[in-house]
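The structure under discussion appears below in the form of structure tokens.
The values are calculated or read from the model by the stated rules, or taken from the named source; none is laboratory data. Note that this is a predicted model, so its numbers are computed, not measured. When we count neighbours, we look across all protein chains shown, and the Cβ atoms used for this are built from the backbone with ideal geometry, even at glycine. Please note that ligands, DNA and RNA were not included when accessible areas were found on the heavy atoms of the full protein model with its side chains. Shrake-Rupley method; radii C 1.70, N 1.55, O 1.52, S 1.80 Å.
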Amino acid sequence: MRFSTLFSKTTKSAPADEVAQSAQLLIRAGYINKEMAGVYAYLPLGLRVIENIKQIVREEMNVIGGHEMLMSALQPKEVWEITKRWDDDVVDVWFKSKLKSGTEVGFGWSHEEPITQMMKRFLTSYKDYPAYVYQFQTKLRNELRAKSGILRGREFMMKDLYSYDVDESRHLAFYERVKEAYMNVFRRVGIGDKTFITFAAGGAFTKYSHEFQTITDVGEDWIYVNAEKGVAINEEVYTEAALTELGVSKDEMRKVRTAEVGNIFNFGTAKCDDMQLYARGPSGENVSVYLGSYGIGISRLVGVVAEMFSDEKGLVWPKSIAPFQVHIVGLDLHDAQAREQAEAVYKKLSHHLPNKVLYDDRADVRAGAKFADADLIGCPVRVVVSKKTGEQVELKHRTQSESAHHSLEECVRIIGEH
Ligand code: ATP
Ligand code: MG
């Protein structure tokens, strides 16, 4: 992509009412635009990061047998009334509206009820199980506070997976596979070593749900963690009983600030019983259905990674989700030979890394400003082409301060290995 064609511009400052550091950086670097409190637009750079994360999640969901689909954001009130979750006293984040006819509708803050309702049409025989479905959906939640930028949006991107099964042990085994798949996701986006599977409140069947909590000062949660034993407990359920059950004692737990990047629930058969989703058994009898519900905050992840991987100059994306792998800085572009050289480097690198190269082809921007933009945008590798570099290029990793001159071939090899 040519920088000159990007409409989004980098800026020195963020809106005064944006207090979250990750959102400030993402706004300044041209990844997102603040529409209003808790509501953000994803610009070309930001959308690339979102799509890269989605692709990683998609791969991990497909490995465990998930089928991707897309539910509607507009939801009928009736399905939520069945489980009493239409009530604003039960669910305090509803956005609701009315059709012209007066019929009430809700904006999806979650999808357990509508998906389960839909499954009544399809999952009729016990032979239809298990079924694993997931989607990437814009959820709408009327959050009370939205001070954490994209970490807590009123409109945000979630991946939600739902599992339906008639066999309890297979249901529980799948729940464990999701845990592994989720940790794979968090490792691949670069936060695996800071993310803990955490005992938390919720879950109708088991006493706990499992949250995936990532250590970061900008999080809104507190958990107690013992990294050696791999045990983490949310402060909401941090009791003597919980400690005993998990085989740890108070003095070996450390209290840390975290952001919840994922949450998985085992509903047992309670939800499907409520919704009257039953399977027809071998002799025509009703068989209860187990439900698991599994969420990852895709857009929250962008904020968490931006927060964790940044320095005073800007963002420092892990290679796996960076908008581009290489940021070419072309200098002296008014000089015909330098321009030709830069174009050739762009062509060659794009050939090896299709759609992964950003080329700063702006002729009228000074070198200092271009370098500052490259640091702010935070692609893993910067390649400088100028009158001075001649037949070679100057290569620098975003995480390092030293740069080195290489032939273009050498450069291709280094980027491939990086
Ligand atoms: P929180 O406790 O942060 O309000 P939650 O427990 O209500 O989150 P879930 O219903 O478990 O959230 O949603 C699944 C995942 O979606 C969460 O683990 C989180 O990563 C993400 N998420 C939830 N609410 C938001 C939000 N307002 N903005 C961005 N991401 C969110
Ligand atoms: Mg949660």
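Worth a mention:
- With contacts taken as Cα pairs under 8 Å at a separation of at least 6 residues, the stretch 205-355 carries a relative contact order of 20 percent.
- If you take the Cα centroid of the stretch 241-280 and the Cα centroid of the stretch 120-170, the two points sit 16 Å apart.
- For the chain, leaving out every one of the trypsin sites (Lys or Arg not before Pro) that falls in a DSSP loop and has at most 16 other Cβ atoms within 10 Å, the longest unbroken run is 230-312.
- Listed residue pairs exceeding 23 Å between alpha carbons, taken from LYS54/LYS147; LYS319/LYS347; LYS9/LYS313; LYS12/LYS159; LYS54/LYS229; LYS313/LYS370: LYS54/LYS147; LYS12/LYS159; LYS54/LYS229
- Residues of the chain: accessible area per residue with a 1.4 Å probe, Å²: 46 Å²
- Other residues with beta-carbon under 12 Å from the beta-carbon of THR103 carry, at +1 per Lys or Arg and -1 per Asp or Glu, a net charge of +2.
- Restriction of the chymotrypsin sites (Phe, Trp or Tyr not before Pro) in the stretch 1-42 to DSSP coil positions whose beta-carbon has at most 10 other beta-carbons within 10 angstrom yields PHE7.
- Charge tally around TRP222: other residues with Cβ under 14 Å, Lys/Arg +1 each, Asp/Glu -1 each, net -4.
- Most mobile of VAL90, VAL329, VAL237 in a GNM of the chain (Cα contacts under 10 Å): VAL90
- Extension reserve of the ASP251-ARG280 stretch, reckoned as 0.36 nm per residue once the Cα distance is removed: 5.3 nm
- Given the chain, longest segment not containing exposed loop GluC sites (Glu not before Pro) (DSSP; at most 16 other Cβ within 10 Å): 1-219
- Measuring nothing but protein heavy atoms, the accessible surface of the chain at 1.4 Å probe radius is 50 percent carbon and sulfur.
- Residue-wise HN-Hα coupling along the stretch 80-85, computed from phi with Karplus coefficients 6.51, -1.76, 1.60 (Hz; x: Gly, Pro): 7, 5, 4, 9, 6, 8
- Note on the stretch 326-417: antiparallel DSSP beta bridges, both residues inside, total approximately 45 percent of the bridges counted.
- A simple spin-label model places the labels of ALA344 and VAL287 6.8 nm from each other, with each point 7 Å out along Cα-to-Cβ.
- Helical runs assigned H by DSSP (4 residues or longer) give the chain a calculated mean residue ellipticity at 222 nm of -9500 deg cm²/dmol, each run adding -39500 (n - 2.57) before division by the residue total.
- Computed over the Cα atoms of the chain, pair by distinct pair, the Kirkwood hydrodynamic radius stands at 23.6 angstrom.
- For ILE115, net neighbour charge (Lys/Arg +1, Asp/Glu -1) across residues whose Cβ lies under 12 Å away: 0
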